[in-house]
Amino acid sequence: MSTMTYTLTYKKVDNNPFSLRARAHVRLNHKAYEDKIKEFTAVTTPVDERLQLSWKNVTPATPVGIVGAGVAGLYTAMILDSLGIPFEIIEQSGRVGGRVFTFKFDNNKDGYQYFDVGAMRFPRTPFMNRTFDLVKKVNRGISTPIELIDYHFASIGALKELQYYNGRQLKNGKPENLADAIDPFHVNAYRPRYIPAKYSGILQPAVIKDVLAQIMWDLKADFRNPKLTMEEAMERLVLAHDKDSMRSYLTNNPKYAFPSEVIHLLETFDKSTGWYDRALVESVCESLAFEWIEEEVKYVCIDGGSSKLPEGMEEYLTRKGHTVGKNVRVTSIEYAPYEGPAGLIVKGRKTDLNVTKYEREFAAVISTAPLSTLNLIDLTGCGINDNYAQYSAIRELQYGPSIKVGIQFTENWWEALGLIGGQSFTDLPIRTVVYPSYPPGNVTKSRVLIASYCWTQDAERLGAFIDSKTGKISDDLREIVLRNLEKVHGLEAGFLNNKVEDAFAFDWLHNPFTQGAFAFFGPQEFGDKIYHHMRQPAARGQLFFAGEATSGCHAWVAGALDSAWHSVWEFLHAYGYPEEIKEEFRTKWGSSEYWDDYDQMRDHFLLGLARSGMTPEGHWPTEGHPGQRRPATQ
């Protein structure tokens, strides 16, 4: 193992739409509480002294507790390890990685009979640099380096994609007959017509694509205005549309005022069922992220599956003398039962040892558990009810459902059709089919097909057929998926029946360790909740929250990593670590473009303490205070 010191190359990326949005929400929130912030910043006593917290209390006996061993938790551990800060990490499941999960079939002699159940592709954009820097960092501390290979977002074969809607197949977006050019999927083949005549041009896939592009072009007008900075443009977008879903925007905007039938059609071809009911600004930021890249965005995946990243992180930590405590279900976090300023007790049970009790005291806790599962942990004993907005945010913020059905076939039959990598799309229950991009090179790809990849309502429906504990596919689901595949690919009925070797399915919504695939907020949730409450500490500055839901970059590994960076930054300041430690943190782990203004970060931290009842001088209510620390005699 190399002992070289590796400094991350991550730097601030101008015009990152995810960070622009995050900072816009913070600025707008701070404007609403200017007087309160002035009260707290007028007091010159350092924050750690007001909180009566000290880094000297963080010892091997009372380390930092990290809840969750997904990439956010493991990244937090790597940061603390690099700074020499003692920690322990506990994980509810029996593996690391969280929503980064690769399933490998038993017959895997060539090493490529797998599929990524969770994160599966990584775009080569500046906004994702922290992820690629992490790979470099991990590779310097593990036995077998992680290799990145090309991921083909579109097929590189003769056939680029298949579309199958309303019972009709379209290859490469072009109808075989000129008579079908106007309405290739026969949406308006009956009377009265489904789509009004005024909008009939939208029935062509190319026109749908143009309409969707025009909608985003209009929404991004301020970003092209030379009189506005990117910060100002994002603030205007948030002020105007944080309350909107795509559906409400297309309904109420006078320029469009689309009837519901048109909106349904756009949603069907653009995303998944119910997607347009979620936050509009989420979609705009995603569009901006890839528009600002001058070249075509290239994607990569991890050779051998995405699980190699968290597994590599675990090996990295193991070689440093750390272990991940697996199969520990946390049930509560509460103040330590004695006089004094510091200490949290984490209680739970070890589910792999006949339900053995777990109890551990920590000087501080960083929770990287998804908010959906954090909601099941009793936090009333550490004062979560002092800040109702934060307490309710844990329950209210939405996660998106997602399922994948992976099938290992006896042969790679889709390559004979010209499909090598890429995806096909349909309005049938399976919705999206993803073809393998591995092994690398000009060779026949894996025999494992992601036969169905669904989100939102589409995932909720197929998820009913999936055993969330075993991944076993019911006979009904097998029949549905194979029948859908045959129709999408123009195969004879029953063609695939004898070609299935094995299968595995996963439903992230009904997995008890996640209860959702990724943070996917509704209108107003980002501005009203997340950055104003979940990015602030709880338990009087001793409990911190991380995970992609608490970042501005939902559904990406980079968002989870940023959130871990921020939680450690808050911890270092709350506990008054010396400046040389803070500088070492910045040198080794970069800065955060989401929080590139020190005063803004400090103000946000103090505002969170104010919401929990702390006075500017650092005093707390002493009577009738929920979660009040208990004397040792009680």
task: May I ask you to list pairs of residues, at least six apart or on different chains, whose Cβ atoms are under 8 Å apart, with the first in the stretch 420-444 being touching a residue at least 40 places away in the same chain (Cβ under 8 Å) and on the phi > 0 side of the Ramachandran plot and the second being buried (at least 22 other Cβ atoms within 10 Å of the Cβ) and of a type in the set (Asp, Glu)?
output: ARG431/ASP458
message: Could you go through the stretch 29-47 and let me know if any residue there is within 23 Å of HIS554 (Cα to Cα), touching a helix residue (DSSP H, G or I) at 6+ places or on another chain (Cβ under 7 Å) and hydrophobic (A, V, I, L, M, F, W, C).
response: no
task: Any residue in the stretch 109-137 that's over 27 Å from PHE513 (Cα atoms): show its pairings with residues that are modelled with pLDDT of 95 or more and among the hydrophobic types (A, V, I, L, M, F, W, C) at Cβ separation under 7 Å, as long as the two are six or more apart or on different chains.
output: ARG124/VAL300
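Any idea which of LYS136, LYS109, LYS104 is at pLDDT below 95, charged (D, E, K, R) and over 18 Å from the mean Cα position of the chain (by Cα)? Spell out how you get there, then give the answer.
Values: LYS136 fails: at pLDDT below 95; LYS104 fails: at pLDDT below 95.
When all the criteria are applied, what remains is LYS109.
Suppose the filter is assigned to a loop (DSSP other than H, G, I, E, B), touching a residue at least 40 places away in the same chain (Cβ under 8 Å) and surrounded by fewer than 21 Cβ atoms within 10 Å (Cβ to Cβ); does ILE149 pass it? Can you show your working first?
Values: assigned to a loop (DSSP other than H, G, I, E, B): no; touching a residue at least 40 places away in the same chain (Cβ under 8 Å): yes; surrounded by fewer than 21 Cβ atoms within 10 Å (Cβ to Cβ): yes.
So ILE149 does not fit the description; no.
Mind checking whether some residue in the stretch 14-30 is part of a loop (DSSP other than H, G, I, E, B), exposed (fewer than 15 other Cβ atoms within 10 Å of the Cβ), within 23 Å of the chain's Cα centre (by Cα) and in contact (Cβ under 8 Å) with a residue 12 or more places away in the chain? Quick ask: steps written out before the conclusion?
Pass one, the stretch 14-30, residues part of a loop (DSSP other than H, G, I, E, B): 14-16.
Still in the list and also exposed (fewer than 15 other Cβ atoms within 10 Å of the Cβ): 14.
Among the residues that remain, those that are also within 23 Å of the chain's Cα centre (by Cα) are: 14.
After this cut, where a residue has to be in contact (Cβ under 8 Å) with a residue 12 or more places away in the chain as well, the list is 14.
Checked against the condition, which is being part of a loop (DSSP other than H, G, I, E, B), exposed (fewer than 15 other Cβ atoms within 10 Å of the Cβ), within 23 Å of the chain's Cα centre (by Cα) and in contact (Cβ under 8 Å) with a residue 12 or more places away in the chain, the stretch 14-30 yields at least one hit.
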query: Is it true that THR76 is touching a strand residue (DSSP E or B) at 6+ places or on another chain (Cβ under 6 Å) and within 22 Å of TYR598 (Cβ to Cβ)?
result: yes
- request: Might you let me know whether the stretch 538-558 holds any residue that is more than 30 Å from THR380 (Cα to Cα), free of Cβ contacts under 8 Å to residues at least 12 places away in the same chain and small (Gly, Ala, Ser)?
  value: no
field: Residue list for the stretch 172-207, restricted to those being small (Gly, Ala, Ser) and either in contact (Cβ under 8 Å) with a residue 60 or more places away in the chain or touching a helix residue (DSSP H, G or I) at 6+ places or on another chain (Cβ under 8 Å) (or both)
entry: GLY173, GLY201
message: Being over 17 Å from GLY73 (Cβ atoms), touching a Phe, Trp or Tyr at 6+ places or on another chain (Cβ under 8 Å) and outside any loop (DSSP other than H, G, I, E, B) is the filter here; which residues of the stretch 567-580 pass it?
response: LEU572, HIS573, ALA574
- prompt: For the stretch 164-197, which residues satisfy the criterion of being within 19 Å of ASP210 (Cβ to Cβ) and in a loop (DSSP other than H, G, I, E, B)?
  reply: ASN172, GLY173, PRO175, ALA181, ILE182, ASP183, PRO184, PHE185, VAL187, ASN188, ILE195, PRO196
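Given the structure, is TYR256 farther than 30 Å from GLY141 by Cα, surrounded by fewer than 21 Cβ atoms within 10 Å (Cβ to Cβ) and of a type in the set (Phe, Trp, Tyr)? Outline the logic, then answer.
Numbers: farther than 30 Å from GLY141 by Cα: yes; surrounded by fewer than 21 Cβ atoms within 10 Å (Cβ to Cβ): yes; of a type in the set (Phe, Trp, Tyr): yes.
So TYR256 passes the test.
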statement: Of those in the stretch 447-475 that are surrounded by fewer than 22 Cβ atoms within 10 Å (Cβ to Cβ) and small (Gly, Ala, Ser), the residue nearest to SER93 (Cα to Cα) is SER468
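Among the listed residues ASP222, ASP210, ASP218, which satisfies the condition of being in contact (Cβ under 8 Å) with a residue 24 or more places away in the chain and closer than 19 Å to ASN253 by Cβ? Walk me through how you get there before you give the answer.
Numbers: ASP222 fails: in contact (Cβ under 8 Å) with a residue 24 or more places away in the chain; ASP210 fails: in contact (Cβ under 8 Å) with a residue 24 or more places away in the chain.
Residue meeting the stated conditions: ASP218.
Looking at the stretch 219-277, what helices (runs of 4 or more DSSP H) fall wholly within it and have at least 3 residues that are closer than 22 Å to PRO429 by Cβ and under 29 Å from the mean Cα position of the chain (by Cα)?
Of the helices (runs of 4 or more DSSP H) lying wholly inside the stretch 219-277, those with at least 3 residues that are closer than 22 Å to PRO429 by Cβ and under 29 Å from the mean Cα position of the chain (by Cα) span 260-270.
The values are calculated or read from the model by the stated rules, or taken from the named source; none is laboratory data. As the structure is a prediction and not an experimental result, all values here were calculated from the model. Positions of Cβ are generated from backbone atoms using ideal geometry, with glycine treated the same way; all protein chains shown enter the neighbour counts.
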